[in-house]
1. Among the residues of region 57-82, which ones are part of a strand (DSSP E or B) and surrounded by fewer than 13 Cβ atoms within 10 Å (Cβ to Cβ)?
2. Does Ala52 qualify as being surrounded by 10 or more Cβ atoms within 10 Å (Cβ to Cβ) and at pLDDT below 85?
Amino acid sequence: MLRTIFLMCLVILTPVPISAQMGRQLTLEDYYRIKSVGSPMISPSGDWITFAVSQRIEETNGTTTESWVVRSDGSGIPVRVQHNG
């Protein structure tokens, strides 16, 4: 009985691969479509948040990084303040 419960928990808790969730295999083109968001910083007044968005570039096999700002209360849309820098 204990073994059956253990096996059921193992099956239930086993993560499903992302490719199975999407219904197709991941491709190399998917890698170049992924954008990474990071480096959040809050302004001293607490009114603004700045963050970086990075993406791989297939042609040069490099990375582009842009800086964005957004109001911390969510009242505005993000604005790009630095392109490829």
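1. Across region 57-82, the qualifying residues are Ile57, Gly62, Thr63, Val79, Arg80, Val81, Gln82.
2. no
The values are calculated or read from the model by the stated rules, or taken from the named source; none is laboratory data. Remember, predicted model here, so these are calculated numbers, not experimental data. Counting neighbours? That spans all protein chains shown, and the Cβs are built from the backbone with ideal geometry, glycine included.
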